[in-house]
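Asks: Before we start, here is the structure in question, set down as structure tokens.
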Amino acid sequence: MIDRLEKLRGEARKQFESAANEKELEDVRVLFLGRKSELNLAARGLGKLPPDERRLVGKAVNQIKNELAAFLGEAKERLAGGGGGPGLDLTLPGRSPWVGRKHPITRTLEQLEDIFKRLGFEVALGPHVEDDFHNFEALNFPKDHPARDAHDTFYVEGGGLLRTHTSPVQIRVMQTRKPPIRIIAPGRVFRNETPDASHGSEFFQLEGLYVDKNVSFGELKGVLIKFLRELYGDDVGVRLRPGFFPFTEPSAEVDVECRICHGKGCSVCKDTGWVELLGAGMVDPRVFRAVGYDPDEVSGYAFGLGVDRICMMMTGVDDIRLFLENDLRFLRQL
Amino acid sequence: MKAGLKWLRDYVEIELSASELAERLTETLTETETTNLQSGGVSGVVAARIVTVEKHPDADKLSVCVVDWGDGSDTVVCGAPNVQAGMMCALALPGSTITGGRRISEATLRGLRSFGMLVSEVELGVGDDAAGIMDLGPDIELGADVIGFLGTNADTIDVDVQANRPDCMGVLGIAREVAAATGRGLKRPSFELAESAPETAGMIDVTIEDDHDCPRYIARVISGIKVGESPAWLRERLDSVGVRSINNIVDITNFVMLEYGQPVHAFDYDRIHDHAISVRRARSGEKLVTLDGEDRTLDQSHLLICDGAGPIALAGIMGGQTSEVTQTTSNVLLECAWFDPSVVRKGAQGLALRSDASQRFERGVDPLAMDEVAGRACALMSDLAGGTVRRGSVSVGSGSYEPVNIRLSVDKVRRMLEPNGTRGEESGPRLDAAAVSEHLEVLGFQTKVDPGDSDILVVAVPSWRPDVTESADLIEEIARSSGYDRVKALVPYQSLSPVRDEARDARGHIRDIMVRLGLFEIITSSFMAEGAGERAGVDGSVEAIVLANPVNKEMPLLRTSLMPGLLEVVRTNANASQKAIRVFEIGKVFRRDGKAIEEQWIMAGALWGLAERPSWGSSARAVDFYDAKGLIEALGRELKVDTLEASCYDSAILDEGASARLSAGGSPVGHVGTVSQRSAESWGIPDGVIVFELDMGALSTKYTAEGRYEDLPRYPASGRDLALVVDVGVAAGEILGEIRRCGGELLVDMSIFDVYAGKQLPAGKKSVGISLKYRSRERTLTDEEVDRSHELIVKRLTERFTATLRE
Ligand SMILES: [Zn+2]
């Protein structure tokens, strides 16, 4: 019985302390001190106990009754606005609401989009299920050409394929609009690869395209350097070197100075001091012809980057598969 | 493509180190690395000759060797099967270190003393052959430091050759790029070809079925060869690029392929039936055992080399066993041909057989080098295998090569690479015709100024550059050979006003709100298991899109619903002992509609577990239907969607009694409900998961991003509460709807503060506590005015729902 009363005191304290308003407090009072409360019933049942026990329990009941009354008083004081006074344990953790968060890929995309929007780019989207023309043919990937090797493709029964890059959005925009065009195309892409720590079969890319009269390689370089400085700070080293993409000519691979070792060489950059971040180049005239533009009239540049990769570099995530697993412990860290 | 520095130096002077060269080529050609010898830590290993080999008296598998390393001679006990007298081997002397930091000391093996140890490639860290001790070949001096010897020999760069550069699939092509990048001249291979009668023409017959598949085929015959070991220089060159030496004939074909990038094939002339070669497509079901020992079944996509009896090789991919050169071969038929790139590529892909040869043919080999390549191979077979080269060749087909000439505007080059004027600023020395010519000519292009137009250079493209067909390609050559570093970066400027994508903005807006409401955004796979859609409540009539080649056979469909992915996230997180799950995804679902494929943006989410963040004062209440519904209502308020109405909703996965269809302005936008116990079991998720799905398309047309200002109320409001006792079947929504209809203009707000059913009420009744708020925009209302409005409502409600008022 005494144990039960002790436990009651604990429960009561907790509830008195957490009553959030007058009404709740009244409910708590009725529960613990009201006519039908356990304590009251215990007091009324005292008469049935043997004398020795009666004295002992009686004393405990009284004591607890007094304590509960004190809790009630404290709670009333608290609700009346007496916070900050004695009795408030300032070291107790506060009550936090739920706080949600966007997926790290979304946040990286937003960060990238934000930079490009400031540089005058608009966002364009396209379907995930594409056709051979938009994903390959118009981008100067001839059928049965080794250039397609890097693009392990998912094919859809009954025709079509899952886009292997966001570049088909370029084609769709150019087919429906006249220059000048300045877009970025962010989104999900698909490669038929067995996923491992650095390759997903689904991941995210961001593609950029600018077409106008007399767009030069220097402008491409300028926009990329500007973007990378916005992303990593003014002191970031940037290097363009020859690359190959069927839909750009000249093509460039864009490296940034390794953020881990600042160019000195480490395991992340395989001792080169550089990390490959973007592919870029001047739009190939064959692409312009495929969409009905005259390559003697307009020129343009295009670039593309892996969103997952940038997010991994920024956050230290070392396994790309984590992004689609959505372990809340993982999402809370980033 | 690997290229040893020593080999490259056959064609171009190189003063750079391997890593400097790799860096230079990375700037001008493509990503290039050095392949490091894993010699770290290995020291004190010297070259020694095995003088004698005897069996160990007490151990079958051990030999006792006397070795001589110049400075000394001693006995070494060795367990390798390939040990033999006369062999030059690597001796790890006592006190030396081999890979893994292992120190070698004098040892006693089965009672006999061993002065050090003979080591394998693996123990030296220079290769992966662990089967026996390393044979260093005859070229090394006794006592020489083995690592030093191998290291200088094996200085190799590895060039990531792009799909459009067949020329760089040969060391000579890389040497050409090295020459251009370092300003040196290129020395082409030189050889003298001595031919003797009889004429090849009388010795072999070649026919081509379709000259599209094979525009040109050259056959040559070399007689009286002796198959044997290759000389050191040849083995060394092959070794430096990781190709194993087999015998002089095979090594020569590999060498020539690696030198020029043009594969050649050696057949045993005497094993060719009828001495007749035909190039034709395979018949369906035809078979060939290739050199790798595989029995391959072919179809019409494969191009074959056949003799009088049948297939003897897969054209451009791999030879067959029946005509293979062996130790006893004495006459060789050499094939040097041009096979159609896409035919080779399809054939190799179909057989999953990517060979060194197919990788070159599918890029398109140099159509004008074939005679030289065949001659080079013949000359080597004569020199190294003692063969007699028969006069002339049998050459069938005229080839498909057409010279490419491009008219290049120097002004266009400048505009692309050195712009000025409107956007650019003046930037350093201008490219002129002479500079442009120079950049191109070092790469083998020939240029001349058009006599009629001094701005135009007429550029002849070399035959080994099929990737260059128009001026943009030439501009790339100029840009890369001068280095992209030289191009001045221009500050971007803005001339366009970007257009908004409103549906996408709406999704972003909704995503923001969901996060504000305390949910984590998730992104799940677009793939889905067979039948998952139906199990997740998708209507059976929805046709999913099927992948022809899924990466995961279990997930062959594009998702028709976000629910399967969402429930999987719930499952894994609940299994990871999360106490609360609050997640949502905004993503695409896919369905087939006849020929068309529809992609639709959906939001789905789930709540499960604790309703409040656990804390010392919080309740341990679990979320229920109303938490999820309230969340969607809060979203609706934020989107300023007037009212979200709930009505009955049937779904395969939701609990019948706890699911609701949500509509806005009369059209459905989604649903919310508790996953039924049965579905929870089948998805492996805990009970009590509440899910919702909303159609982003429907929602995004209904929302308002900006609110509208109205005067703030200047007069106080008066509140009246009422507790209506009604049948339990009466829906709260009906009561509120009725109040809304009859409330009059003074009623400005209403809310339900209590719902009670229990002992204090008659069975079958419940009490609904409603708080009403009255206000006028013109004046302070009197009690009488408020009472009048209130009583009117009370009267309507008691009549309509045969309700009574509770005390
Ligand atoms: Zn680094």
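The values are calculated or read from the model by the stated rules, or taken from the named source; none is laboratory data. The structure presented is a predicted model; accordingly, all values stated were derived computationally and were not measured. Don't worry about glycine lacking a Cβ; one is built from the backbone with ideal geometry, like all the others, and counts go over all protein chains shown.
Asks: Select, from B:R360, B:R354, the only residue that is closer than 30 Å to B:I157 by Cβ and crowded, with 22+ Cβ neighbours inside 10 Å. Show your work before the answer.
Replies: Working: B:R354 fails: crowded, with 22+ Cβ neighbours inside 10 Å.
When all the criteria are applied, what remains is B:R360.
Asks: Taking the stated definitions as given, is A:C311 buried (at least 20 other Cβ atoms within 10 Å of the Cβ) and away from the ligand (no atom under 16 Å from the Cβ)? Walk me through it before giving the result.
Replies: Values: buried (at least 20 other Cβ atoms within 10 Å of the Cβ): yes; away from the ligand (no atom under 16 Å from the Cβ): yes.
Against the criterion (buried (at least 20 other Cβ atoms within 10 Å of the Cβ) and away from the ligand (no atom under 16 Å from the Cβ)), A:C311 qualifies.
Asks: Can you tell me which condition B:A544 does not meet? The list is (1) under 28 Å from the mean Cα position of the chain (by Cα); (2) within 8 Å of chain A (Cβ to nearest Cβ); (3) of a type outside the set (D, E, K, R), and all the others hold.
Replies: Unmet for B:A544, out of (1) under 28 Å from the mean Cα position of the chain (by Cα); (2) within 8 Å of chain A (Cβ to nearest Cβ); (3) of a type outside the set (D, E, K, R): (2).
Asks: Here is a follow-up. Name the residue that is nearest to the chain's Cα centre (by Cα), counting only residues in segment A:251-288 that are within 16 Å of the ligand (Cβ to nearest atom) and among the charged types (D, E, K, R).
Replies: A:R259
Asks: Test each condition in (1) in a helix (DSSP H, G or I); (2) free of Cβ contacts under 8 Å to residues at least 24 places away in the same chain; (3) surrounded by 15 or more Cβ atoms within 10 Å (Cβ to Cβ) for B:V66 and report the one that comes out false.
Replies: It fails just one condition, (1).
Asks: Same structure, new question: Please go through segment B:765-793 and pick out each residue that is in a helix (DSSP H, G or I), charged (D, E, K, R) and closer than 11 Å to B:R720 by Cα.
Replies: Applying the first criterion (in a helix (DSSP H, G or I)) to segment B:765-793 yields B:783-793.
When the remaining residues are screened for being charged (D, E, K, R), the result is B:783-785, B:787-788, B:791.
Of everything in segment B:765-793, those that are in a helix (DSSP H, G or I), charged (D, E, K, R) and closer than 11 Å to B:R720 by Cα turn out to be B:D783, B:D787, B:E791.
Asks: Among the residues that make up segment A:128-135, is at least one of them without any contact (Cβ under 8 Å) to a residue 60 or more places away in the chain, closer than 15 Å to A:A302 by Cβ, polar (S, T, N, Q) and surrounded by 15 or more Cβ atoms within 10 Å (Cβ to Cβ)?
Replies: Checked segment A:128-135: at least one residue is without any contact (Cβ under 8 Å) to a residue 60 or more places away in the chain, closer than 15 Å to A:A302 by Cβ, polar (S, T, N, Q) and surrounded by 15 or more Cβ atoms within 10 Å (Cβ to Cβ).
Asks: Please find, within segment A:294-308, the residue that is farthest from the ligand (Cβ to nearest atom) out of those that are more than 24 Å from the chain's Cα centre (by Cα) and in contact (Cβ under 8 Å) with a residue 40 or more places away in the chain. Spell out the reasoning first.
Replies: Step one: list which residues in segment A:294-308 are more than 24 Å from the chain's Cα centre (by Cα), which gives A:294-302.
Remaining after also requiring in contact (Cβ under 8 Å) with a residue 40 or more places away in the chain: A:297-302.
Numbers: A:E297: 44, A:V298: 39, A:S299: 35, A:G300: 33, A:Y301: 28, A:A302: 28 Å.
Among those residues, the one meeting the criterion is A:E297.
Asks: Give me the pairs: first residue in segment A:209-227 and without any contact (Cβ under 8 Å) to a residue 40 or more places away in the chain, second residue not in a loop (DSSP other than H, G, I, E, B), beta-carbon distance under 8 Å, and six or more apart or on different chains, which are they?
Replies: Final answer for the pair search is A:G218/B:L417; A:K221/A:L240; A:K221/B:Y484; A:I225/A:V238.
Asks: Residues being aromatic (F, W, Y), within 16 Å of the ligand (Cβ to nearest atom) and under 20 Å from B:R24 (Cβ atoms): count how many of those fall in segment A:231-250. Working first, answer last.
Replies: The initial filter retains those residues of segment A:231-250 that are aromatic (F, W, Y), namely A:232, A:244-245, A:247.
Imposing the further condition that a residue be within 16 Å of the ligand (Cβ to nearest atom) reduces the set to A:232.
Next cut, under 20 Å from B:R24 (Cβ atoms) only: none.
Of the residues in segment A:231-250, 0 are aromatic (F, W, Y), within 16 Å of the ligand (Cβ to nearest atom) and under 20 Å from B:R24 (Cβ atoms).
Asks: Can I ask one more? Just to be sure I understand, how many residues within segment A:136-168 are away from chain B (no Cβ under 12 Å) and part of a helix (DSSP H, G or I)?
Replies: Residues of segment A:136-168 that are away from chain B (no Cβ under 12 Å), as a first pass: A:136-139, A:164-168.
Still in the list and also part of a helix (DSSP H, G or I): A:137-139, A:168.
Of the residues in that region, 4 qualify.
Asks: Only one residue in B:G375, B:G350 is modelled with pLDDT under 95 and of a type outside the set (A, V, I, L, M, F, W, C). Which one?
Replies: On the way: B:G375 fails: modelled with pLDDT under 95.
Residue meeting the stated conditions: B:G350.
Asks: Residue by residue through segment B:333-377, note down the ones that are of a type outside the set (G, A, S), within 14 Å of chain A (Cβ to nearest Cβ) and without any contact (Cβ under 8 Å) to a residue 60 or more places away in the chain.
Replies: Within segment B:333-377, B:P341, B:V344, B:R345, B:K346, B:Q349, B:R354, B:E362 qualify.
Asks: Name the residue that is surrounded by the fewest Cβ atoms within 10 Å (Cβ to Cβ), counting only residues in segment B:567-595 that are at the interface with chain A (Cβ under 10 Å from one of its Cβ atoms) and within 24 Å of A:L125 (Cα to Cα).
Replies: Ranking the qualifying residues of segment B:567-595, first place goes to B:K595.
Asks: Give me the residue from segment A:93-109 that is more than 15 Å from A:A185 (Cβ to Cβ) and more than 7 Å from chain B (Cβ to nearest Cβ) and, out of that set, surrounded by the fewest Cβ atoms within 10 Å (Cβ to Cβ). I'd like the intermediate steps shown before the answer.
Replies: Restricting attention to segment A:93-109, the residues satisfying the condition of being more than 15 Å from A:A185 (Cβ to Cβ) are A:93-108.
Okay, now just the ones that are also more than 7 Å from chain B (Cβ to nearest Cβ), so A:94, A:104, A:107-108.
On the way: A:G94: 8, A:P104: 23, A:R107: 16, A:T108: 26.
In this case the residue turns out to be A:G94.
Asks: Here is a follow-up. Name the single residue that is surrounded by the fewest Cβ atoms within 10 Å (Cβ to Cβ) among those in segment B:517-541 being over 31 Å from the mean Cα position of the chain (by Cα) and within 7 Å of chain A (Cβ to nearest Cβ). Break it down stepwise before answering.
Replies: Filtering segment B:517-541 for residues over 31 Å from the mean Cα position of the chain (by Cα) gives B:517-519, B:534-541.
Pick out the ones that are also within 7 Å of chain A (Cβ to nearest Cβ) and you get B:517-519.
On the way: B:L517: 20, B:G518: 16, B:L519: 24.
Here the residue is B:G518.
Asks: What are the residues in segment B:759-773 that are of a type in the set (S, T, N, Q), surrounded by fewer than 18 Cβ atoms within 10 Å (Cβ to Cβ) and touching a residue at least 24 places away in the same chain (Cβ under 8 Å), if any?
Replies: In the first step, residues of segment B:759-773 are kept if they are of a type in the set (S, T, N, Q); the result is B:760, B:767, B:771.
With the extra rule that they be surrounded by fewer than 18 Cβ atoms within 10 Å (Cβ to Cβ), the set shrinks to B:760, B:771.
Selection gives B:S771 alone.
Asks: Would you call A:H199 away from the ligand (no atom under 16 Å from the Cβ), surrounded by fewer than 24 Cβ atoms within 10 Å (Cβ to Cβ) and either within 27 Å of the chain's Cα centre (by Cα) or free of Cβ contacts under 8 Å to residues at least 40 places away in the same chain (or both)? Quick ask: steps written out before the conclusion?
Replies: Working: away from the ligand (no atom under 16 Å from the Cβ): yes; surrounded by fewer than 24 Cβ atoms within 10 Å (Cβ to Cβ): yes; either within 27 Å of the chain's Cα centre (by Cα) or free of Cβ contacts under 8 Å to residues at least 40 places away in the same chain (or both): yes.
Yes, satisfied.
Asks: With respect to B:H212, determine if the residue is under 23 Å from B:D356 (Cα atoms) and touching a helix residue (DSSP H, G or I) at 6+ places or on another chain (Cβ under 9 Å).
Replies: Criteria met by B:H212.
Asks: Are there strands (runs of 3 or more DSSP E) fully within segment B:102-198 with at least 3 residues that are farther than 30 Å from A:H145 by Cβ? List them.
Replies: Working: elements: B:107-109, B:112-114, B:156-159.
The qualifying strands (runs of 3 or more DSSP E) are B:107-109, B:112-114.
Asks: In the list A:V291, A:V317, which residue meets the criterion of being modelled with pLDDT of 95 or more and more than 16 Å from the ligand (Cβ to nearest atom)?
Replies: Values: A:V317 fails: modelled with pLDDT of 95 or more.
Only one candidate qualifies: A:V291.
Asks: Among the candidates B:A634, B:A658, single out the residue that is away from every other protein chain (no Cβ under 14 Å), touching a helix residue (DSSP H, G or I) at 6+ places or on another chain (Cβ under 9 Å) and hydrophobic (A, V, I, L, M, F, W, C). Walk me through it before giving the result.
Replies: Working: B:A634 fails: away from every other protein chain (no Cβ under 14 Å).
Among B:A634, B:A658, only B:A658 is away from every other protein chain (no Cβ under 14 Å), touching a helix residue (DSSP H, G or I) at 6+ places or on another chain (Cβ under 9 Å) and hydrophobic (A, V, I, L, M, F, W, C).
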